[in-house]
Amino acid sequence: MEIILKQDVINLGYKDEIIKVKEGYANNFLIPQGFAIMATASNRKILAENLKQRAFKEDKIRSDAESLVASFGKIQGLKIGTKAGENGKIFGSVNTIQIADAIKAQFELDVDRKKIAILGDSIKVVGTHKAIISVYKDIKAEITFDVVAE
């Protein structure tokens with residue numbers, strides 16, 4: 001019997017896959033639990049339309065993310081001011097909140113702090129550092145910023 005999975009099922013398949021299983025497994029477990037529906041002609045057409053719409057939305061989101069990465073390429077000379085001692089050691093450390101606030105203040109771009117990852121250990125010295133901004137799934141932008149003493 002062929003079924004369409006409505007969600008991921010471990011050791012069986014992923015959402016929206018059409019798979020073949022034994023009739024008893026489908027009728028007694030998968031369909032009553034809401035994990036699957038029968039793969040009738042009308043359900044296959046609905047699935048095809050849903051996949052087509054999802055692909056269209058995915059392309060739009062991906063193109064928007066790529067244009068956002070291009071705008072991150074314009075971030076040059078990002079400076080983050082912090083209190084530091086005479087030897088260049090910072091009192092505390094620079095975190096992703098400060099990086100997001102600096103990007104918003106200097107370049108007027110909104111970046112979620114949770115999408116920023118600082119390369120290396122925490123930033124505790126004055127100098128040039130790098131961070132990666134995760135825009136969408138596998139689309140990332142790398143930025144360079146300077147930490148300066150105030």
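See the values below:
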read-out: On Cα atoms only, tilt of 41-72 relative to the major axis of the chain in degrees; value: 10
read-out: Residue list for region 111-150, given a label point 7 angstrom along the Cα-to-Cβ vector of ALA70 and an amide N cut-off under 16 Å; value: 140-141
read-out: The chain: calculated mean residue ellipticity at 222 nm from DSSP helix runs of at least 4, using -39500 (n - 2.57); value: -10000 deg cm²/dmol
read-out: Packing-based ranking, highest mean first, of 100-106, 13-19 given that Cβ atoms within 10 Å are counted; value: 100-106, 13-19
read-out: For VAL147, net neighbour charge (Lys/Arg +1, Asp/Glu -1) across residues whose Cβ lies under 12 Å away; value: +3
read-out: Karplus 3J(HN,Hα) series, Hz, for region 87-104 with 6.51 cos²θ - 1.76 cosθ + 1.60 (x for Gly, Pro); value: 8, x, 8, 7, 7, x, 7, 8, 10, 5, 5, 5, 5, 4, 5, 5, 5, 5
read-out: Added length on full extension, which subtracts the Cα-Cα distance from 0.36 nm per residue, ILE31 to ASP59; value: 6.9 nm
read-out: Two-site FRET efficiency, ASP146 against ILE10, from Cβ-Cβ distance with R₀ of 41 Å, rounded to 0.05; value: 0.30
read-out: Cα coordinate range in the chain, projected on the principal axes (Å, largest first); value: 75, 27, 17
read-out: Region 82-150 and region 12-54: distance between their alpha carbon centers, rounded to Å; value: 46
read-out: Total formal charge among the other residues, if their Cβ is under 12 angstrom from that of VAL126, Lys/Arg +1 and Asp/Glu -1; value: +1
read-out: Environment charge at LYS52 (Cβ cut-off 15 Å; Lys +1, Arg +1, Asp -1, Glu -1); value: +1
read-out: Relative contact order computed over the chain (Cα-Cα under 8 Å; 6+ residues apart), in percent; value: 19
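Here, each number is a calculation from the coordinates, and none is a lab measurement. This structure is a prediction, so every number in the text was calculated from the model and none was measured. Virtual Cβ from ideal backbone geometry, glycine too; neighbours counted across all protein chains shown.
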